[in-house]
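All remarks here apply to the structure that follows.
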Amino acid sequence: MRTPRLLALVAAAAATVPLAACGDSGDGDGAATGASDKITVDASDTECKVASSESAAGTVTFTIANKGAKVTEFYVYAPGDRVMGEVENIAPGLSRDLIVELTAGTYETACKPGMIGKGIRNGFKVSGSAAALTEDAKLGQATTDYQRYVKSQTGALIEKTTEFVNAIKAGDAEKAKALFPVARTYWERIEPVAEIFGDLDPQIDGREGDQEPGQEFTGFHKLEKDLWVTKDISKSGPMADRLLTDVQKIVDEANKATLSPVQLANGAKELLDEVATGKITGEEDRYSHTDLWDFAANVEGSQAAIAALRPALEEKDAALVKTLDERFASTEAALEKHRSGDGWKLHNELSQADLKVLSDEINALAEPISKVAGLVAGK
Amino acid sequence: MQVQRRKVIGLAGAGVLGVAAAGAVGLQVTGDEKTTPVASTSDAIAFFGERQAGIVTPAQDRLHFVAFDVITKDRAALVGMLESWTAAAARMTAGLDAGTIGAVGGIPESPPDDTGEALGLPPSGLTLTIGFGASLFAKFGLGEKKPAALADLPKFPGDAIDPAISGGDICVQACAHDPQVAVHAVRNLARIGMGVVSVRWSQLGFGRTSSTSTTQATPRNLFGFKDGTANLKAEEPALLDEHLWVRPGDGPDWMTGGSYLVTRKIRMIVETWDRTSLLEQETIVGRSKGEGAPLSGTQEFDEPDFTAVDGEGEPKIAKVSHVRLAHPTENNGARLLRRGYNFVDGSDGLGRLNAGLFFIAFQRDPRRQFVPIQTNLARHDVMNEYLRHVSSGLFACPPGLRAADDFWGRSLFA
């Protein structure tokens, strides 16, 4: 009989919440963290009594008891009302926990009786240098390093997309065809970052048929169809301009965003999942069959994210790092067999047996990578 | 019922004890002919024991059979995976999650170490049986340990074998009374094996087409005939020793107590069969469709009399009938323990059922058993008009694991 084992978990889960997140212990008997560390908040319809107005940097747990008659919420804001953590929908009589990681600085707490307005606010000061944002300096460094990678890729993405767009507008189909997989390389390396901005990703990289009713088929794959299927780019200029505008938007957003270490780890896995579902099957670049360019880029992007996390991972599980090194090398070697000139063979030039080998490689790599997020989050 | 389930968890959690408790159930079934089956279809079947479970275990209703190719050259990685598989198999057959953390046990950022679709389901009589194909021995320089009996099957007349759904380095036969439980087991083994093995092919089956125990009623195949009437049965230990289990001196020691597994995916052209007259169907099979009696007798278990003739002097059981051609008297006394399953893989695009029999047979030596029997059938059986053999496999299944610290393949890789 398989029985869900939840007991040990509650503790583990609450202890591993990364960055700002709400730890919800329901009725407030939170088994997770030591009660002595908690800052109690007595919320009523008119008051928000926070037991302490300061804390040392690191993980801070608020226990909010709603003693009023209205449903309430509790927030921690950084300057500019940036939400560091929130717990919503605390019904009268209930008590909830909010676990939030805070670095040194000044913050505000807020109770929102009736869940409306700016709420009843109090200052909250955090001092000292925390053991870490999510535990240690190595993880902090990982996000910085990966951010640098994103910046380098977005720079090339804009450059190559511009060249691609210009070739289309100049009516130079051959040049545009050659640039298509190259521009996409930079996109595919950082795709999980792009996917954070949900409204732009489908516009830039949506495949035909994925649109909701009323939504237009745009972006890379529309131009791919013009180039390879319709073979008419005389009217593709506006669509190309639109792609460039969208890419510029996402580049600006991506350079502003900072990913958490857990997002980085998940990104590394998601890139391989992209390969396993879309590239192996040839669905992604169904008109040009340039899927192996995307394949290689996804693997490289995944490797970059893991490389950023590497110092932290070495400390936590050196054997896993060794496995990942071996599997990345093995995947690269398998892919290398399909190199053609400066690029790659077309998807439709590969046999089913070739694809099976590549699929096995990706599964073999993605399985250990799926453990990284847990390691990063775990203490 | 709930109390029993909890008991299973507690015992299995304690390790070998749980297995021993479940083992008692299996022993009762195989040990005493008069005992009616005590195991309900939801109970656990012992994983550890002298023999691998899933061979003489009374055939469960559902099958998920999978063949893997080993994709690493790293022997230690393969051995490590086989150890992990064994631990997972011991857990899953006891009705537990594949991993120690479980489907919902771990930290939220990690994928669970069990896929979860069997949460809340009982063990459902799950057995997992492993076999090693000839190709594995070549890959790992195990030539000396390769049994002569593991020689490639010959091409039989009329074979239409598709290599993509044949062979494989390692097979796992998952049988259970609930398809969800069998699929769950195969899926978790495949997941654990990623990077070391790759699924080559797999096959789902339903409706066991054999009885491996006298306690079981004889089921029917998709031709509508009872199948497995004259099968080797768990309650015939002397016959099993003669025909099923590999004996000392038969081949390499690591196979002593094991058995050889032949699989054949046999597509049945059911649409043409269905417009064949009852008389012709029965003549082809050599048994009556209703009772399953040989055409020389009246009861299912009547011994066929191949000398019996009708009023016109013709044999009552035709020379080219399936029952005659497959009978031990026509094949130097060779017998098999069959435990095949019906399959329907949807339709074939021409509106025909893509259906048939996933034939599974265990034996002491395929060279003296399956090969001559199938040769005889392939040459003469009029049923062939309605059959296509599309996949084939041969695997060496070692004896059982006797202790919890043993693992699948240890005798081979030691």
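The values are calculated or read from the model by the stated rules, or taken from the named source; none is laboratory data. All figures in this text were calculated on a predicted structure; none of them were measured in a lab. Cβ sites come from the backbone with ideal geometry, for glycine too, and all protein chains shown count toward neighbours. These accessible areas exclude ligands, DNA and RNA; they are computed on the full protein's heavy atoms, side chains included. Shrake-Rupley method; radii C 1.70, N 1.55, O 1.52, S 1.80 Å.
Is there a quick way to get the dipole size of chain A? I mean about its Cα centre, with the Cβ of Lys and Arg at +1 and of Asp and Glu at -1; what is the value in debye to the nearest 20? Don't jump to the answer; show the numbers that get you there.
Details: 42 positive and 61 negative charges, 117 e Å.
Computed charge dipole of chain A: roughly 560 debye.
Figure legend: label point modelled 7 angstrom from the Cα of B:A160 along Cα→Cβ; residues of the range B:260-295 with amide N under 14 Å from it are B:265-273.
Between 0 and 90 degrees, the angle of helix B:75-93 with respect to the longest Cα principal axis of chain B falls at about 80 degrees. Can you pull the accessible area of B:F407 for me, 1.4 Å probe, Å² to the nearest 10? Surface accessible to solvent at B:F407 totals approximately 20 Å². In this simple spin-label approximation, A:K235 and A:E195 carry label points 7 Å from Cα along the Cα→Cβ vector, and these lie 3.4 nm apart.
Distance from the Cα centroid of the range B:165-233 to that of the range B:54-104 is 14 Å (rounded to whole angstrom).
In Å² (nearest 100), what accessible area is buried between A and B, both sides summed, heavy protein atoms only, 1.4 Å probe? Mind dumping the intermediate values first?
Details: alone 17740 and 17880 Å², together 33490 Å².
By this definition, chains A and B bury close to 2100 Å².
Remark: relative contact order (chain B) = 23 percent; criterion is Cα-Cα distance under 8 angstrom and separation of 6 or more residues.
For the range A:213-284 versus the range A:49-124, the inter-centroid distance based on Cα atoms is 39 Å. Taking label points 7 Å from Cα along the Cα-to-Cβ direction, A:Q215 and B:L350 give a separation of 4.2 nm. Our summary gives the range A:214-348 a relative contact order of 24 percent, counting only alpha carbon pairs under 8 angstrom and 6 or more residues apart.
Under the simplified labelling scheme, the A:S53-A:M115 pair shows an inter-label distance of 3.1 nm, with each label point 7 Å from Cα along Cα→Cβ. For the cross-link pairs A:K269/A:K356; B:K155/B:K316; A:K151/A:K345, the ones whose C-alpha atoms lie over 22 Å apart are B:K155/B:K316; A:K151/A:K345.
Students sometimes get this wrong: rank A:E270, A:E212, A:E326 by accessible area, probe 1.4 Å, all chains present, largest first. If you can, show how the numbers build up before the last one.
Numbers: A:E270 75, A:E212 130, A:E326 100 Å².
Largest accessible area first, the list is A:E212, A:E326, A:E270.
Charging the Cβ of each Asp and Glu at -1 and of each Lys and Arg at +1, and nothing else, the dipole of the range A:39-130 about its Cα centre rounds to 140 debye. Seen from a random direction on average, the alpha-carbon convex hull of the protein assembly as shown projects onto 41.0 square nanometres. Using the Cβ-Cβ distance between A:L94 and B:R402 with R0 set to 60 Å, the FRET efficiency works out to roughly 0.60. Helix A:173-189 and the long axis of chain A differ in direction by around 30°, with both axes built from C-alpha atoms. Per-residue shielding of B:99-105, expressed as the average number of other chain Cβ atoms within 10 Å of the residue Cβ, stands at 4.
Run the numbers on the range A:134-377 and let me know its relative contact order in percent, using alpha-carbon pairs under 8 Å that are six or more apart. Walk me through the intermediate numbers first.
Details: 300 pairs, mean separation 60.4, N = 244.
Value for the range A:134-377: 25 percent.
When shorter helices are ignored and each DSSP H run of at least 4 residues is given -39500 (n - 2.57), the per-residue value for the protein assembly as shown at 222 nm works out to -11500 deg cm²/dmol.
Excluding ligands, DNA and RNA, what is the solvent-accessible area per residue of chain B at a probe of 1.4 Å, expressed in Å²?
Values: 16840 Å² over 414 residues.
Heavy-atom accessible area per residue stands at 41 Å².
Taking Cα atoms only, the orientation of helix B:2-13 departs from the longest principal axis of chain B by about 70 degrees.
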